[in-house]
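Read the structure below first, then the notes.
The values are calculated or read from the model by the stated rules, or taken from the named source; none is laboratory data. All values derive from a computational prediction rather than experimental measurement. All Cβ positions, glycine included, derive from the backbone under ideal geometry; neighbour counts span all protein chains shown.
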Amino acid sequence: MFTDISSSEDWEVRIPGASRRICTSWGWGTIPMYQIAFKELGYRMPFTDLETTVFRHLRVCPSQLHPNSLGFLRAFEMTAAYLK
């Protein structure tokens, strides 16, 4: 499991094409993600502290969560910020 955050030059985000899937083996430093997470849910890199904590606690990478889960995390953060 990754515990250190590297500089953005050391990793890249990829959206799989028609011939590849999220669960396909990817090269070192590559993070496969669903296109909908960026296009429709408005996700941006780097991930927030809450998102990173959830990924670390669940021991998953961002692409292993369903896009609706990513949307829920975003909505939770926005609601918490509003109620603060």
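Side notes on the structure shown:
- Qualifying residue in segment 37-48 (condition: in contact with a helix residue (DSSP H, G or I) (Cβ under 6 Å, 6 or more places away or on another chain), assigned to a helix (DSSP H, G or I) and at pLDDT below 80): yes
- Enumeration of residues in segment 40-84 that are over 20 Å from Arg21 (Cα atoms) and touching a strand residue (DSSP E or B) at 6+ places or on another chain (Cβ under 7 Å): Met45
- Considering only residues in segment 49-71 that are loosely packed, with under 13 Cβ neighbours inside 10 Å and free of Cβ contacts under 8 Å to residues at least 40 places away in the same chain, the one that is farthest from Gly29 (Cα to Cα) turns out to be Asn68.
- Ala18 being over 10 Å from the mean Cα position of the chain (by Cα) and either modelled with pLDDT of 75 or more or not polar (S, T, N, Q) (or both): yes
- Selection status of Glu9, modelled with pLDDT under 70, part of a helix (DSSP H, G or I) and at negative phi: yes
- Pick from segment 46-64, criterion more than 8 Å from the chain's Cα centre (by Cα) and hydrophobic (A, V, I, L, M, F, W, C), ranking: nearest to Phe76 (Cα to Cα): Leu50
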